[in-house]
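K.L.:
Just dropping this structure here.
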Amino acid sequence: MRIPTGIEGFDELVQGGFLADRVYVLSGPPGSGKTTFGVQFLAEGASRGEVGLYVTLLECPQNIINDMSNYAMNVTPLIKSQKLLFADLGPRMEYGYMGELSEFVTPEYNIGRSSVESEAPSPAMVFKEVAAYVSEYNVKRLVLDSVSAIRFTSSDFSLQEKEMTRFIRNLKNLGCTTVLLSEMTDPTAYSTEQFAAHGVIFMHNFLYDKTMTRAVQVIKMRGTRHDCNMRSVTFTDAGLKVEGFIE
């Protein structure tokens, strides 16, 4: 079963979409389109009746919602119908923020801020919160922004690798299709999560022929014939659009 991403031109690169219930890593530098990709993926599922959850560990959810509302993704109606959920699992949040967020995140669910308020969230803490959401709301599509925020919660490198491996393995058992966003900017410096994930996608943002160019590249996609070349990416009114091959 293939899961359509909702990103025009992308699914043709991966045999019609993602394989269901798998974990994918989407990496790239700032401004390359990672957040848009993630929300577009969730909005596509929500429009099909599949509950999507965007978990942010860095940015305020309201800012993401405001930014994504500029696209024709129907973000606000999908939120109001509880098909698109946002959760803030970062180490802190602004004064008065919970009241503003209540109309976007179902108020009956207790995010459990006391466990993550005073420190950076660990992989285990984040997984516990995410698993509760997935179970309660029957989440089918999950985006976590970003894995980099929980990777460095320990100064012990070997412990980091062990915890990230355990985190990915547990995500695979959640029963939803997951996209992990990562700030990795060097396509040759692979991390544990990229080896452990079922698929790895890079979003590029670089100077090409005196013009800043955005592109997408599918590095790894288990069980899928895929195009490995860089394809140009543009931002449209509907979100990201994958276009032609970059020579």
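K.L.:
So, of the residues in region 175-195 that are modelled with pLDDT of 85 or more and farther than 20 Å from Phe37 by Cβ, which turns out to be least open to solvent (accessible area, probe 1.4 Å)?
P.N.:
My answer is Gly175.
K.L.:
If only one of Thr35, Thr5 is closer than 16 Å to Val242 by Cα, under 14 Å from the mean Cα position of the chain (by Cα), buried (at least 20 other Cβ atoms within 10 Å of the Cβ) and without any contact (Cβ under 8 Å) to a residue 40 or more places away in the chain, which one is it?
P.N.:
From the options Thr35, Thr5, the qualifying one is Thr5.
K.L.:
I need the full set of residues from region 228-247 which are buried (at least 19 other Cβ atoms within 10 Å of the Cβ) and within 18 Å of Ala43 (Cα to Cα), in order please.
P.N.:
Within region 228-247, Gly239, Leu240, Val242 meet the criteria.
K.L.:
So Leu159 clears everything in (1) at pLDDT 80 or above; (2) open to solvent by 10 Å² or more (accessible area, probe 1.4 Å); (3) part of a helix (DSSP H, G or I) except one condition, right? Which one?
P.N.:
(1)
K.L.:
Do the conditions hold for Glu12, that is, is it outside any helix (DSSP H, G or I) and open to solvent by 40 Å² or more (accessible area, probe 1.4 Å)?
P.N.:
For Glu12, the condition - outside any helix (DSSP H, G or I) and open to solvent by 40 Å² or more (accessible area, probe 1.4 Å) - is not met.
K.L.:
Let me ask another. Just to be sure before I move on: is Ile111 of a type in the set (A, V, I, L, M) and at pLDDT 95 or above in the structure I sent?
P.N.:
So Ile111 fails the test.
The values are calculated or read from the model by the stated rules, or taken from the named source; none is laboratory data. A quick note: this is a predicted structure, and the numbers were derived from the prediction, not measured. In this analysis, Cβ positions are derived from the backbone assuming ideal geometry, glycine residues included, and neighbour counts consider all displayed protein chains. To get the accessible areas, we keep the full protein, side chains included, count just its heavy atoms, and leave off ligands, DNA and RNA. Shrake-Rupley method; radii C 1.70, N 1.55, O 1.52, S 1.80 Å.
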